[in-house]
Amino acid sequence: MIETHIAARLGALAGGHVYPEIAPPDAPVPRITWLGVGVATGWVLSGWDGSQDATLQVDAWAGNKLLALELANAVFEVMTRPGPGFTVGQAQRLPDDYESDTRLFRVSWEFMLQP
């Protein structure tokens with residue numbers, strides 16, 4: 001399962017405060033959340049070629065922008081490192097955000113994962 005490999009790569013970051021989809025309300029900061037946002041299938045003239053690439057969004061959350069940036073850079077490093085389960089075919093930095101209700105800064109990456 002690719003989720004196991006994602007969790008293994010991200011697990012040592014943010015003091016282990018890494019959560020699929022949504023962090024619990026009392027989750028410590030800094031923290032990381034990750035979410036599968038889609039699957040792209042490969043096509044040739046005769047139809048589906050059997051390939052599927054997963055799109056994953058990883059968000060680094062922190063109380064200040066600099067810490068969120070540093071954590072997001074660490075996310076990029078571990079996700080793009082060669083390892084078991086998948087390779088990254090493409091990475092895109094998404095727009096940064098600040099959530100005024102939680103007072104947290106978010107820096108996000110979107111990765112295209114290939115088996």
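The values are calculated or read from the model by the stated rules, or taken from the named source; none is laboratory data. Nothing here was measured: the structure is a model prediction, and the numbers come from that model. Neighbour counts run over all protein chains shown; Cβ positions are idealised from the backbone, glycine included.
A few comments on the model shown:
- Here Gly89, Gly85, Gly38, Gly15 are screened, and the one residue that is assigned to a strand (DSSP E or B) and at positive phi is Gly38.
- Single unsatisfied condition, Thr4 versus (1) of a type in the set (Ser, Thr, Tyr); (2) touching a residue at least 60 places away in the same chain (Cβ under 8 Å); (3) assigned to a strand (DSSP E or B): (3)
- Only one of the numbered conditions (1) farther than 16 Å from Leu113 by Cα; (2) surrounded by fewer than 16 Cβ atoms within 10 Å (Cβ to Cβ) is not met by Arg31, and that is (2).
- For the stretch 34-68, a residue qualifies if it is surrounded by 12 or more Cβ atoms within 10 Å (Cβ to Cβ), among the acidic types (Asp, Glu) and at pLDDT below 85, and exactly one does: Asp53.
- If the condition is being without any contact (Cβ under 8 Å) to a residue 12 or more places away in the chain and either under 16 Å from Trp109 (Cα atoms) or not hydroxyl-bearing (Ser, Thr, Tyr) (or both), then the stretch 35-60 contributes Gly42, Trp43, Val44, Leu45, Gly47, Trp48, Asp49, Gly50.
- For Ala62: the one exception among (1) among the hydrophobic types (A, V, I, L, M, F, W, C); (2) within 23 Å of Gln114 (Cβ to Cβ); (3) touching a helix residue (DSSP H, G or I) at 6+ places or on another chain (Cβ under 7 Å): (2)
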